[in-house]
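Engineer: Right, I'll just put the structure down here and ask away after.
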Amino acid sequence: MAAQADYFIETQLPNHQKHYGSFTFPSILSPNPKSSPSSLSVFSEAIKFHKPFLDSLLLKSGALLFRGFPVKTAKDFNDVVEAFGFEELPYVGGAAPRTNVVGRVFTANESPPDQKIPFHHEMAQVPEFPSKLFFFCEVEPGSGGETPIVLSHIVYEKMKEKYPEFVDRLEVHGLLYTRVLGEDDDPSSPIGRGWKSTFLTSDKAVAEERAAKLGMKLEWLSNGVKTVMGPIPAIKYDKSRDRKIWFNSMVAAYTGWEDARNDPVKAVTFGDGQPLPADIIYDCLKILEDECVSIPWKKGDVMLIDNLATLHSRRSFTPPRRVLASLCK
């Protein structure tokens, strides 16, 4: 296999990347037109061979977008994920309704197209979260439907500078997350995953065991179950990059965990149970929007996100759109 410069080339998308001194966010990789014609097997082998290069690039930039490679189907995407060699993470404890498609591949959040999904680190509200996640665009959106991304340490730094007392309180107390789950999935809600699929069982006793392993308390209701998670840290330390990160679902819960069962204002509080200040939450949302990058999806795109470095969201869209996902330990 040739050097990575002979297979992967870094490309630029003006107005769709941010430049931070020594790196660009995200890094965008395309096949070198001078190399031999690309096939899925060649792409997969190149990933395996150049894994140290790709790992170092992900460590530096926080997210990689592979564009122009021959990834056409869910099975192709599964092969690409497998080529990276990351261990699969079962989707236990997450809020989004998802459907397994093939192998390690699931649908991304299946909530209705008119709904935005706020910025979050994947499964930040539970102790066992993915270290990395992949997205794949199988069908381009009619319009909209981007997956904006933002670097977590930038958000932390800006919040610490603007609201030092609030951030200090978060570091001391952490956050409590409360969510009411129905029995079955509710595809009309962005947090509509029912308790049976959340805990991968229809047995309440097994659900309680699995919730306990997550540190989650359950309170059974006539039409579902109330879950309480935490206190759980809102700020984490990214050892691999030697920096603090804004690792939480605070904005997502406070502005987006709303459906027939849930009031978003009650969905997240300080770890001591005290309410969060709405003005600061909404200013944090503005910081997230100001600092994010948003690349329109193209069919065949594969995005690899370091879940410790990067928050992601979803914009509303005009169908069709089919974006698939895979979570890794």
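The values are calculated or read from the model by the stated rules, or taken from the named source; none is laboratory data. As the structure is a computational prediction, the values presented were derived from the model and not from experiment. No Cβ is skipped: glycine too gets one built from the backbone with ideal geometry, and neighbour counts run over all protein chains shown. Surface areas here come from the heavy atoms of the whole protein model, side chains and all, with no ligands, DNA or RNA. Shrake-Rupley method; radii C 1.70, N 1.55, O 1.52, S 1.80 Å.
Here's the yes/no breakdown for (1) surrounded by fewer than 18 Cβ atoms within 10 Å (Cβ to Cβ); (2) of a type in the set (Lys, Arg); (3) within 23 Å of residue 307 (Cα to Cα); (4) at pLDDT 95 or above:
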{"position": "5", "(1), (2), (3), (4)": "yes, no, no, no"}
{"position": "15", "(1), (2), (3), (4)": "yes, no, no, no"}
{"position": "25", "(1), (2), (3), (4)": "no, no, yes, yes"}
{"position": "34", "(1), (2), (3), (4)": "yes, yes, no, no"}
{"position": "44", "(1), (2), (3), (4)": "no, no, yes, yes"}
{"position": "80", "(1), (2), (3), (4)": "no, no, yes, yes"}
{"position": "102", "(1), (2), (3), (4)": "yes, no, yes, yes"}
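Engineer: While we're looking at this one, here's another question. Do we find that residue 116 is within 23 Å of residue 295 (Cβ to Cβ), open to solvent by 20 Å² or more (accessible area, probe 1.4 Å) and of a type outside the set (Asp, Glu) in this structure?
Structural biologist: Working: within 23 Å of residue 295 (Cβ to Cβ): yes; open to solvent by 20 Å² or more (accessible area, probe 1.4 Å): yes; of a type outside the set (Asp, Glu): yes.
So residue 116 passes the test.
Engineer: Taking strands (runs of 3 or more DSSP E) that fall entirely within the range 1-72, which contain at least 1 residues that are farther than 15 Å from residue 302 by Cβ and over 23 Å from the mean Cα position of the chain (by Cα)?
Structural biologist: Working: elements: 8-11, 18-20, 23-25, 27-31, 63-66.
Once the strands (runs of 3 or more DSSP E) in the range 1-72 are filtered for at least 1 residues that are farther than 15 Å from residue 302 by Cβ and over 23 Å from the mean Cα position of the chain (by Cα), what remains is 8-11.
Engineer: Could you grab me the full set of residues in the range 290-329 that are closer than 19 Å to residue 167 by Cβ and either surrounded by fewer than 21 Cβ atoms within 10 Å (Cβ to Cβ) or out of contact with any helix residue (DSSP H, G or I) (no Cβ under 8 Å at 6 or more places or on another chain) (or both)?
Structural biologist: Looking only at the range 290-329, we keep the residues that are closer than 19 Å to residue 167 by Cβ, and these are 290-291, 308-309, 311.
Across the range 290-329, the qualifying residues are 290, 291.
Engineer: If I go through the range 173-216 residue by residue, how many of them are touching a helix residue (DSSP H, G or I) at 6+ places or on another chain (Cβ under 7 Å) and either in a strand (DSSP E or B) or open to solvent by 30 Å² or more (accessible area, probe 1.4 Å) (or both)?
Structural biologist: Taking the range 173-216 and keeping what is touching a helix residue (DSSP H, G or I) at 6+ places or on another chain (Cβ under 7 Å), we get 175, 177-179, 181, 183-185, 190, 195, 199, 201-202, 207.
From what is left, the residues that are either in a strand (DSSP E or B) or open to solvent by 30 Å² or more (accessible area, probe 1.4 Å) (or both) are 175, 177-179, 181, 183-185, 202.
The number of residues fulfilling the criteria is 9.
Engineer: Of the residues that make up the range 257-274, is at least one acidic (Asp, Glu), within 22 Å of the chain's Cα centre (by Cα) and not in a strand (DSSP E or B)? Talk me through it step by step, then tell me what you get.
Structural biologist: Applying the first criterion (acidic (Asp, Glu)) to the range 257-274 yields 258-259, 263, 272.
Okay, now just the ones that are also within 22 Å of the chain's Cα centre (by Cα), so 258-259.
Next, only the ones that are not in a strand (DSSP E or B) stay: 258-259.
Yes, that holds for at least one residue.
Engineer: I would also like to ask the following. Just the residues that are open to solvent by less than 50 Å² (accessible area, probe 1.4 Å) and of a type in the set (Asp, Glu), please, taken from the range 223-260.
Structural biologist: Residues satisfying the conditions are 238, 259.
Engineer: Could you please find all residues in the range 43-61 being touching a helix residue (DSSP H, G or I) at 6+ places or on another chain (Cβ under 8 Å) and not charged (D, E, K, R)?
Structural biologist: Answer for the range 43-61, where residues must be touching a helix residue (DSSP H, G or I) at 6+ places or on another chain (Cβ under 8 Å) and not charged (D, E, K, R): 43, 44, 46, 47, 50, 53, 54.
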